[in-house]
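Everything on this sheet refers to the single structure shown next.
The values are calculated or read from the model by the stated rules, or taken from the named source; none is laboratory data. Note that the coordinates shown come from a computational prediction; the quantities given were computed from them, not determined experimentally. Cβ atoms come from the backbone with ideal geometry, glycine included; neighbour counts cover every protein chain shown. For accessibility, only protein heavy atoms count, side chains too; no ligands or nucleic acids. Shrake-Rupley method; radii C 1.70, N 1.55, O 1.52, S 1.80 Å.
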Amino acid sequence: MTKDLWINLPVKDVAMSSKFYTGIGFEMNPKFGNGKDSACFIVSVKKIALMLFSHQQFNHFTGAAVADADKSAEMMISIDAESTAEVDELAKKAETAGGVVFGKPSEVQGWMYGCGFSDPDGHRWNVLYMDMSKMPKR
């Protein structure tokens, strides 16, 4: 069974992206590849790892061209929040750290509260607080 999950993202400038992710509260993981071409962060209490790789290094690992995330959505990574206040706080942190909030914090479908932001490379993130007591019954 899988023990860990690693999210690997290509970035134009590892140092700049590292500053962004530190700014939104992700914890640097000094055990793995922190240097000119890569950096590792812990995303959650479940120890999900986010690896940032220079475009050249990412291309080497994947054998494929890096998509231009500023022009198209390659994917959206979703993370949960413990409250609506935490969603609001993360949106502010993302903007302050140099990201773009493309979906302002708001209620979604009557039982969720979320926002969307992109990092300096255009990678899209979704933050949601889900009030399970208001979730529609199936």
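Summary of computed values
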{"item": "Order by protection proxy (mean Cβ within 10 Å, highest first), peptides 28-34, 38-44", "result": "38-44, 28-34"}
{"item": "Amide H contacts of Asn29 (H built 1.01 Å from N, under 5 Å, at least 5 apart or other chain)", "result": "Cys40, Phe41, Ile42"}
{"item": "Nearest-ten-degree value, helix 14-23 long axis tilted from longest Cα axis of the chain", "result": "30 degrees"}
{"item": "The chain, accessible surface, carbon-and-sulfur percent (1.4 angstrom probe)", "result": "54 percent"}
{"item": "Solvent-accessible area per residue for segment 10-126 (1.4 angstrom probe, square angstrom)", "result": "56 Å²"}
{"item": "Segment 1-81: C-alpha gyration tensor shape, a/c 1.5 cut-off, then a/b vs b/c", "result": "rounded"}
{"item": "Above-threshold pairs, the threshold being 28 Å between Cα atoms, out of Lys3/Lys137; Lys36/Lys104; Lys3/Lys31; Lys3/Lys92", "result": "Lys3/Lys137; Lys36/Lys104; Lys3/Lys92"}
{"item": "Local net charge near Ser78, Cβ-Cβ under 15 Å (Lys/Arg +1, Asp/Glu -1)", "result": "-3"}
{"item": "Cα centroid of segment 1-21 to Cα centroid of segment 109-131, whole Å", "result": "18 Å"}
{"item": "Amide H within-cut-off set for Val108, under 5 Å, with H built and near neighbours excluded", "result": "Tyr113, Gly114"}
